[in-house]
1. Given H placed 1.01 Å from N in the peptide plane, which residues other than close sequence neighbours of E7 have an amide H under 5 Å from its amide H?
2. From the Cα gyration tensor of the range 51-152, with a ≥ b ≥ c the square roots of its eigenvalues, which class applies: rounded if a/c is under 1.5, or else prolate if a/b is larger than b/c, or else oblate?
3. Output the relative contact order of the chain, whole-number percent, from Cα pairs under 8 angstrom with separation of 6+ residues.
4. Return the carbon/sulfur percentage of the accessible area of the range 145-292, one whole number, probe 1.4 Å, all protein chains in place.
5. What value does the range 225-292 have for Rg/Rh, both radii from Cα atoms and Rh as Kirkwood defines it?
6. Projected area of the range 136-271, taken from the Cα convex hull and averaged over every viewing direction, in nm²?
7. What does the accessible area per residue of the range 158-222 come to in Å², with a 1.4 Å probe and no ligands, DNA or RNA counted?
8. Tell me, what is the per residue accessible area of the range 45-113 in Å², probe radius 1.4 Å?
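The values are calculated or read from the model by the stated rules, or taken from the named source; none is laboratory data. Please read all numbers here as calculations on a predicted model, not as lab measurements. Quick reminder, even Gly has a Cβ in these numbers, built from the backbone with ideal geometry, and neighbours come from all protein chains shown. The area values use the complete protein model at the heavy-atom level, side chains included, leaving out ligands, DNA and RNA. Shrake-Rupley method; radii C 1.70, N 1.55, O 1.52, S 1.80 Å.
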Amino acid sequence: MRFTYAEAMTDPSYYAPLAQAAEAAGYDGMTIPDSVAYPEESDAKYPYTPDGNREFLEGKDFIETFIQAAHCGAVTSTIRFTPFVLKLPIRPPALVAKQAMSVAALTNNRLALGVGTSPWPEDYEIMGVDFARRGKRMDECMDIINGLSTGEYFEFHGEFYDIPKIKMSPAPTEHIPLLVGGHADLALKRAVRRGDGWMHGGGPAEELDALLDKIADIRKAEGKENDPFEIHVISMDAYTVDGIKKLEDKGITDVIVGFRMPYIMGKDDEPLQKKIDHLNWYGENVIAKVKG
């Protein structure tokens, strides 16, 4: 089992010391949040709150995802950083490939790319991208990133993107994992068919079990049941040693753990030292015991 520390929507000056503390406490990774802008008016619903309300996001600080990953990577040496998740189809995929390759090269391959489709039409509008057929656009983006990040000459001619034969350098010396977020059947299929893993957005234990069963069925249908595949989950079972064993038995490779509810109005007022105390407690009482 690998352990990933999650923190978001907090004081931006906290991220570097939290990354250092997480590394010292034995965590394998840290998530990086992604948000471009907050609209004054919108009818869109947030998929991970019970009532779909997203007002808690207003005024929250979000550092651009790749800048934050590079910032934290510069002060650490072992933990991996994973956007959770990058709103991929709103961005030019060749630029994302360049950004991801640069961070991976500078951090000695310590980047995995969590990706998803933004549920908010406003994200597409402000970036000048059509909201329609965003799933197909996402597929093309993933193919382009995979192709360009090899560092070899690559060309692409699709419905949305047309790229002549080009290469980008420096290329990372290891493949950048593409981990797909989302609970819809199409997202699960995309994770298996085009990605290297799946990222869970949270929810009841029985819902997670159903999603894991679907992923197993898709992997079998695609003939990929024996291929390496990362499964990152949020679960209350992750907070005990016995719970970790249960998750491992289900084929889960990574747990994402945090220590406060992020869906709150107003600024995060939890002091930095309290955050470090929480992650140290988990490191001592769970990670150290699991890893022996």
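1. Distant-sequence amide H within range of E7: T31.
2. Note, shape of the range 51-152 comes out oblate.
3. 21
4. 53
5. Taking Rg over the Kirkwood Rh, I get 1.06.
6. 11.9
7. 51
8. Per residue, the range 45-113 has an accessible area of 41 Å².
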